[in-house]
Structures are given as structure tokens and as C-alpha cells.
Amino acid sequence: MSQRIEGIFLRATKLNHLSTIVELYTQKFGRASFIFSRSGKKNTSFLFQPFHIIEFSATYNNEKKINRGSKPELAFSIIDIISDVRKTGYALLLTEILNKVIHKE
């Protein structure tokens, strides 16, 4: 059963020119990895940036290391962060700290 999941971006790895593996910290599932396919029409790579809170659809299975996610979108507007260089630097720092501190169980 597909459900809407909201998570904060931690890290992204480009798998190939069509797929990206994204690690997110979610309130319900903790740190989890999801694979997103990129469509040809819509460029979603700008979503996977430091300190972005992403909302997407997924069928989550605890036994899988990587789950498939679809229809990613920003949970709220982040124009205040990306328009200021200082805030972007803080976002990078905080995302890197969260990435190092939060481990999978």
C-alpha cells in the first residue's frame, strides 16, 4: 500500500542517468534509502539539496535496504534558504552533521 512520506534530505547518489538513490531521515521510519527515477520532462534534481524537506509516495518495506519512491515534491517553499549564501552554508553544514550523526539501526 502506497503512502505519503515526508523526510529531510541527507545524501544523494546518482546511480545512472535515470535513477538517484536518496537517503532521508523520516519521522516514522528513521534513516531510510529510496530510489527515485528521473522523468524526461520534469527535472527533479533540484529537490535533492541540503536541508530540503521532501514529500513523496512510497511503499515502505523494513526488510528492503532501498525502497522505491515516486512523485517527489518540496513539503514547503525554501526560497529563503537558497536566496541567501549564508543560509545555504548553514544548510550544508547542518545536513553534513545530520548525515554523520544519524545512523541506520
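Build a GNM of the chain with springs between Cα atoms under 10 Å: which of Ile21, Ile66, Ile35 gets the top mean-square fluctuation?
Ile66
What value in Å³ per residue do you get for the convex hull of the alpha-carbon atoms in the chain? Intermediate results must be reported in sequence, preceding the final value.
Numbers: hull volume 11.1 nm³, N = 105.
Taking the convex hull of the Cα positions in the chain, it is 106 Å³ per residue.
Let me spell out the model: positive unit charges on the Cβ of Lys and Arg, negative unit charges on the Cβ of Asp and Glu, origin at the Cα centre of the chain. What dipole size does that give, in debye rounded to 20?
Numbers: 16 positive and 9 negative charges, 70 e Å.
That gives a dipole near 340 debye.
Which order do you get for His17, His52 if you rank them by accessible area with a 1.4 Å probe, largest at the top? Walk me through the intermediate numbers first.
On the way: His17 140, His52 10 Å².
Sorted by accessible area, descending: His17, His52.
Just the number, please: carbon plus sulfur as a percent of the accessible area of the chain, 1.4 Å probe, no ligands or DNA/RNA counted. Could the numbers behind the result be given before it?
Values: 3990 of 7210 Å².
Here carbon and sulfur together make up 55 percent of the probe-accessible area.
Quick one: accessible surface of Ser33, probe radius 1.4 Å, all protein chains present, in square angstrom to the nearest 10.
10
Given the options Arg38, Arg68, Arg86, which has the most mean-square fluctuation in a GNM of the chain, springs set between C-alpha atoms less than 10 angstrom apart?
Among Arg38, Arg68, Arg86, the largest mean-square fluctuation in the Gaussian network model of the chain belongs to Arg86.
How tilted is helix 85-101 with respect to the longest principal axis of the chain? Cα atoms for both, answer in degrees (0 to 90, nearest 10).
Helix 85-101 and the main axis of the chain meet at about 40 degrees.
Starting from the amide H of Ser19, placed 1.01 Å from N in the peptide plane, find each other amide H under 5 Å away whose residue is 5 or more places distant or on another chain.
Those qualifying (amide H under 5 Å, at least 5 residues apart or on another chain) are Arg38.
Which residue, chosen from Thr20, Ile97, Ile5, occupies the Cα position most advanced towards the positive end of the dipole of the chain, where the dipole is computed from +1 (Lys, Arg) and -1 (Asp, Glu) charges on Cβ about the Cα centre?
Thr20
Starting from the Cα of Lys64, step 7 Å along the direction of its Cβ; do the same at Lys100; then give the gap between the two resulting points in nm.
The modelled label-to-label distance comes out at 3.2 nm.
The values are calculated or read from the model by the stated rules, or taken from the named source; none is laboratory data. Quick caveat, the model's predicted, so the values are computed rather than measured. Please note: Cβ atoms are built from the backbone with ideal geometry, for glycine as well, and neighbour counts cover all protein chains shown. Just so you know, the surface numbers come from the protein's heavy atoms only, side chains and all, with ligands and any DNA or RNA stripped out. Shrake-Rupley method; radii C 1.70, N 1.55, O 1.52, S 1.80 Å.
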